[in-house]
Amino acid sequence: MKKFIYLVILISITFCLQLYSTEKPSDIPSFGEDFPDNTVSIPPSGSTLKAQSHFPRENPANRAPLLEWTKDLNAVYYEFELFDTVPENISNDELSPVHLYYTASVYTNALQLDLSDVAPEALSHKPLYWRVRSMDIDGNPISSFSQLEILYAVDKPATMNSPLPHVTYNQENGTTLLYPVYAFIPNAHATQFEIEVTSREPENPNGTAPSRYRIFSAITNLCDYYDPKARIGKYYWRVRGLDDNGNPVGVYSDAQVFENNPQSDWKIGIFGDSISHGGGHLSFGPADWEYSYAYYLDFPAINLSCSGDTSQTMVERFDSDVLPFHPQYLLIMGGTNSLRAGVPADSVIADLVAIQEKCRKNNIIPILLTLAPINPDNIKKVFDEGTAPVWQENLNAVNDFIRTQPHIDTAAALNSPPILPTYYGMDGLHGDIPAKKIYAQAINDNISQFVGK
């Protein structure tokens, strides 16, 4: 299925550029010498970001620790600073000119840092200090730096020797996706990653060889991967790091299970494009559940949406993607991609009618959702992509049609001007957390007029 350019750009911006030297210094201090007492005073910080990885003197890290902090759901990326001493007159709101290591290429709330590259002298005697802050799309800080976190380390092998998956499917409302997204924290020194999907749990855990149960694989230089294929049934996925030449960097991660079982008696399905699939605010994808309106629904639903869909592609994949799950009700939000590309309103309406007819033919009750406005200026700024001049007229025509059908008015619930405010969707298209919560509330408040009739 052809993906829109905006999706490619969205995923590309989430690439975690974590490049490290592969040369090991020859003068790494030996392990076993006593650590000095920590008598350094760390200045306080009022930041809401807090370190979640702690390596004090009595519990030191290995040579490549995973440093984690609280997630900022408004951050596009993070700035990270590492120090070998507490700088004098350090500011909570300014970069320090004396950091030992710095990167602004962190798009998840974690970083594996190989200290044998950036601070080998710290592996036996000297404590380090690190902090992070949240940044917006324009490179402006939106938080103060977190409080300096002390970091002791010893010259012992890393315990994290693979990328670290950080998405859990099938646990809460809205966490079952027909088109899964495989999201992970990169491991140090890896510059690309191989995703493997298997039909059974791999027989060779934490190795480097492919599983004999492999049914799909892909190589990406990103830290999340959108599966292009619908996955119906039970599957496992794992990921390993590679270098520039495709050689393994570490081993495969532990296999993660996910399931889309047609026998699970799904009463309600969600059918749409990326707005329904999930994600927003540039750095967050469908596996970041807070950016999915399905996550805030009061009832379970299977998400049959696919990022990049047009109203036409929704018609084309209906039989293969919706019918196997035989939902009783289908929430349908689609056509935004078509309208912003200049597809006439009549064509989008015809596609929605076709989807309704397919539903009724298969004893599914269709529930249309109105389309929120978009923000062409923000779309241009974020994706460098134009919007058809007639988008607003056509979107209004489509919504006028939807309001004559069995529907829930998710767009009206925003109570917003004709252009999507940045507060509701930074990228001008997908809707951020406030918008997703409003969509969900409108559905929760109105679903009873359809369900149970």
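The values are calculated or read from the model by the stated rules, or taken from the named source; none is laboratory data. Worth saying up front: this structure is predicted, and the values here are computed from it rather than measured. Cβ coordinates were reconstructed from backbone atoms using ideal geometry, including for glycine residues, and neighbour counts include every protein chain displayed. We work out accessible area using only protein heavy atoms, side chains counted, and drop any ligands, DNA or RNA first. Shrake-Rupley method; radii C 1.70, N 1.55, O 1.52, S 1.80 Å.
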**Complete:** Computed on Cα atoms, Rg of region 159-199 relative to 2.2 N^0.38 Å comes out at 1.38
**Request:** Using a 10 Å cut-off on Cβ atoms, rank the peptides 274-282, 432-440 from the highest mean neighbour count down.
**Result:** 274-282, 432-440
**Asked** What does the charge count near Val98 come to, summing +1 for each Lys or Arg and -1 for each Asp or Glu among other residues with Cβ under 10 Å from its Cβ?
**Response** -3
**Item:** Convex hull volume of region 286-389 per residue (C-alpha atoms, cubic angstrom)
**Value:** 117 Å³
**Message:** Looking only at region 237-346, where both bridge partners belong to it, what percent of the DSSP beta bridges are antiparallel (to the nearest 5)?
**Reply:** 35 percent
**Complete:** Taking every alpha carbon pair in region 134-266 and sorting the distances into 5 angstrom bins from 0 up to the bin holding the longest one, the percent per bin comes out as 2, 9, 17, 18, 16, 13, 11, 8, 5, 1, 0
**Prompt:** Averaged over all directions, how much area does the convex hull of the C-alpha atoms of region 72-158 cover when projected, in nm²?
**Reply:** 5.8 nm²
**Message:** Could you work out the relative contact order of region 245-315? I mean the mean sequence separation of Cα pairs under 8 Å and 6+ apart, divided by the number of residues, in percent.
**Reply:** 34 percent
**Message:** How tilted is helix 391-402 with respect to the longest principal axis of the chain? Cα atoms for both, answer in degrees (0 to 90, nearest 10).
**Reply:** 60 degrees
**Asked** How much area per residue is accessible in region 71-167 when the probe is 1.4 Å and only protein heavy atoms are counted (Å²)?
**Response** 37 Å²
**Message:** Using just the Cα positions, wrap region 38-194 in a convex hull and report its mean projected area in square nanometres, one decimal place.
**Reply:** 11.0 nm²
**Asked** Which percentage, to the nearest 5, of the DSSP beta bridges contained in the chain is antiparallel?
**Response** 75 percent
**Complete:** By the C-alpha gyration tensor axes a ≥ b ≥ c (rounded if a/c is under 1.5, else prolate when a/b exceeds b/c, else oblate), the shape of region 218-357 is prolate
**Separation between Cα centres of region 223-298 and region 150-184, rounded to whole Å** = 12 Å
**Asked** Taking the Cα centre of the chain as origin and charging only Cβ (+1 Lys, Arg; -1 Asp, Glu), how large is the dipole, in debye to the nearest 20?
**Response** 1540 debye
**Request:** Rounded, prolate or oblate: pick one for region 328-453, where a ≥ b ≥ c are the square roots of the eigenvalues of its C-alpha gyration tensor, a/c under 1.5 means rounded, and failing that, prolate if a/b is larger than b/c, else oblate.
**Result:** oblate
**Complete:** Taking a straight Cα-to-Cα line shorter than 15 Å from Lys436, and setting aside same-chain aspartates and glutamates fewer than 8 residues away, one finds Asp273, Asp288, Glu290, Asp298, Asp409, Asp427, Asp445
**Item:** the chain: Cα Rg divided by the 2.2 N^0.38 Å rule of thumb
**Value:** 1.07
**Request:** Give, as a single signed number, the net charge of other residues whose beta carbon lies under 11 Å from the beta carbon of Ala183, with Lys and Arg counted +1 and Asp and Glu -1.
**Result:** -2
**Asked** So between Ala218 and Arg200, what do we pick up on full extension, going 0.36 nm a residue minus the alpha carbon distance?
**Response** 4.7 nm
**Asked** Amide H of Val167: which non-local residues (sequence gap of 5 or more, or other chain) have their own amide H closer than 5 Å, using H built in the peptide plane?
**Response** Ala183
**Complete:** With only helices counted (DSSP H, runs n ≥ 4, each -39500 (n - 2.57)), the per-residue ellipticity at 222 nm for the chain, to the nearest 500, works out to -5500 deg cm²/dmol
**Request:** Please work out how much length the chain gains when fully extended from Ser53 to Val353, using 0.36 nm per residue of separation minus the C-alpha to C-alpha distance, in nm with one decimal.
**Result:** 102.8 nm
**Prompt:** Tell me, what is the percent relative contact order of the chain, built from C-alpha pairs under 8 Å that lie six or more residues apart?
**Reply:** 14 percent
**C-alpha long axis of helix 345-361 to longest principal axis of the chain, angle in °** = 80 degrees
**Request:** For region 81-126, evaluate the Debye formula with one uniform point scatterer on each Cα (no solvent term) and list log10 I(q)/I(0) at q = 0.28, 0.29 Å⁻¹, rounded to two decimals.
**Result:** -1.15, -1.17
**Prompt:** When only C-alpha pairs under 8 Å and at least 6 residues apart count, what is the relative contact order of region 107-259, in percent?
**Reply:** 23 percent
**Prompt:** Roughly speaking, to the nearest percent, how much of the chain's 1.4 Å accessible area is carbon and sulfur?
**Reply:** 48 percent
